[in-house]
Amino acid sequence: MPGSSQRKGAIRKKPKGNPTAGSGGRVRRGLEGRGPTPKAVDRVKHPAHKRAKAQERAKERDRNRPARKSMDTGVEWVYGRNPVVEALRAGVPAAALHVAEGTERDARLREALLIAVEHGISVLEVPRTELDRVTAGGAHQGVAIQIPPYEYAHPDDLLTRAYDAGEVPLIVALDGVTDPRNLGAITRSAAAFGAHGVLVPERRAASMSASAWKTSAGAAARIPVARATNLNRALKSYKEAGLLVIGLDMDGAIELPALDAATEPLVLVVGSEGKGLARLVRENCDLIVSIPMTTATESLNAGIATGVTLYEISRRRAS
């Protein structure tokens, strides 16, 4: 145009002092100072980074989680001088007697050592720190015994024991009895009155621990204790084999002295003190029997009630 200082087709020059006006300067500046490419694990949005963080959280949970005792080994420790001596006197099957180095030998420890030698129980002298570890810091007084896992029988073994002896089967089954002392007392009564074994559920029930052994006063070595994965299934199996299942409950319709079926092949089912027989167990019983008492407000614990009932069954069978 006339008056214009710029001619048509002229190339416009870049203003001085403006290095970013083109792609070259922008790219060069974008690459400055970045350094090498970060590893995948260091990139916040990368899957490798997320996996690494998840692993760290899992390790932290494991560190903070309290240690759990193994439920599979069944190994139990009895410690303290009086408990150890009492357990050995009762014939608890100890695997070994552990004595801490430098422990003063008083009358109780000497008796424990004497019983161990007489019964062929290994005597091991161990560092005191080892006893601290196995007893979880308990007051072991320098002595402890290790109780091996109890070898439970199969429910069918109890029937086989009766048939091999040519006797009318009598089996005691426990439903919800969680006190090992009751289990020991019932085992003792079962052995005393001619039962062929005791059946306990696998879960929510007392196990044959050192406490049960002590209460049984050695009877646990003379009569088998079987464990059932499912108590109701085991009761049905006994019924199919021709046994009469009798539940013991304070609300039973038949009183013990009127139990004419005492001479039949029997399974006596004993419930817990607080809850009695479970609903399904009660439904699987052919009869519900009660023990007559002069005072309705009184009740017997599971061990005593079982002993009374087994005595009456034994008396009936002998007459």
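Quick notes on this structure:
- Solvent-accessible area of R282 with every protein chain in place, 1.4 Å probe, in Å² to the nearest 10: 90
- Straightening the chain between V75 and K239 buys 55.6 nm, computed as 0.36 nm per residue apart minus the Cα-Cα spacing.
- In a reduced charge model with +1 at each Lys and Arg Cβ and -1 at each Asp and Glu Cβ, the stretch 180-280 shows a dipole moment near 580 debye about its Cα centre.
- Distance between the pseudo-spin-label points of V126 and L287 (7 Å out from Cα toward the beta carbon): 5.1 nm.
- Calculated SAXS-style log₁₀ I(q)/I(0) at q = 0.11, 0.12, 0.18, 0.21 Å⁻¹ - the stretch 125-272, Debye, Cα scatterers: -0.48, -0.55, -1.04, -1.35
- Measuring nothing but how far apart in sequence close Cα pairs (under 8 Å, 6+ apart) lie, relative to its length, the stretch 183-319 scores a relative contact order of 27 percent.
- Look at where the Cα atoms of the stretch 198-268 and of the stretch 110-144 average out, and the two centres are 35 Å apart.
- Two-decimal ratio, the stretch 210-319, of alpha-carbon radius of gyration to 2.2 N^0.38 Å: 1.10
- Contact order, relative form, for the stretch 166-235: 37 percent (alpha carbon pairs under 8 Å, 6 or more residues apart, mean separation divided by residue count).
The values are calculated or read from the model by the stated rules, or taken from the named source; none is laboratory data. Being a predicted model, the structure only gives us computed values, none of them experimental. Reconstructed Cβ throughout: ideal geometry from the backbone, glycine too, with neighbour counts over all protein chains shown. All accessible areas refer to the heavy atoms of the entire protein, side chains included, with ligands and DNA or RNA removed. Shrake-Rupley method; radii C 1.70, N 1.55, O 1.52, S 1.80 Å.
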